[in-house]
Amino acid sequence: MREHLAKLRQVYAAKLPAYLDAIERAIDAGAPVEVRERAHRVRGSAGSYGFPEVSRAMAKIEGAVREAEEAGAAPDWQAVRTWLAEARVAAGTPLDS
């Protein structure tokens, strides 16, 4: 069982950079809804696969974009990019590594 979970984590870790790249492309496109939705998905999956810091960074992105949407304003893209960079660093350090 432990080997199976380790393999699942390894497969997810290999896909994680592409998920983060997709968020970056959505940021570049100025697409807050897409950024929020993608961050939400990565937030959940990263937490489930043992990447709590990635999950926390995605929660920050999701929350900031949602707050901006509710206020009728543009997100603070600089802050969003900072959290995305944090997620990229954390993606290389899963829990129990």
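Some observations on this one:
- Test: residue in the stretch 66-73 that is crowded, with 16+ Cβ neighbours inside 10 Å, within 19 Å of VAL89 (Cβ to Cβ) and either among the aliphatic types (A, V, I, L, M) or without any contact (Cβ under 8 Å) to a residue 60 or more places away in the chain (or both): no
- In the stretch 35-62, the residues that are part of a helix (DSSP H, G or I), of a type outside the set (Ser, Thr, Tyr) and over 12 Å from the mean Cα position of the chain (by Cα): none
- Search result, residues across the stretch 47-65 that are in contact with a helix residue (DSSP H, G or I) (Cβ under 6 Å, 6 or more places away or on another chain) and touching a residue at least 40 places away in the same chain (Cβ under 8 Å): TYR49, GLY50, GLU53
- Any hit, the stretch 1-12, residues being surrounded by fewer than 18 Cβ atoms within 10 Å (Cβ to Cβ), outside any helix (DSSP H, G or I), more than 14 Å from the chain's Cα centre (by Cα) and modelled with pLDDT under 95: yes
- Tallying residues that are under 14 Å from TRP83 (Cβ atoms) and surrounded by 20 or more Cβ atoms within 10 Å (Cβ to Cβ) within the stretch 33-50 yields 7.
The values are calculated or read from the model by the stated rules, or taken from the named source; none is laboratory data. Given the structure is predicted, the values throughout are model-derived calculations rather than measurements. Positions of Cβ are generated from backbone atoms using ideal geometry, with glycine treated the same way; all protein chains shown enter the neighbour counts.
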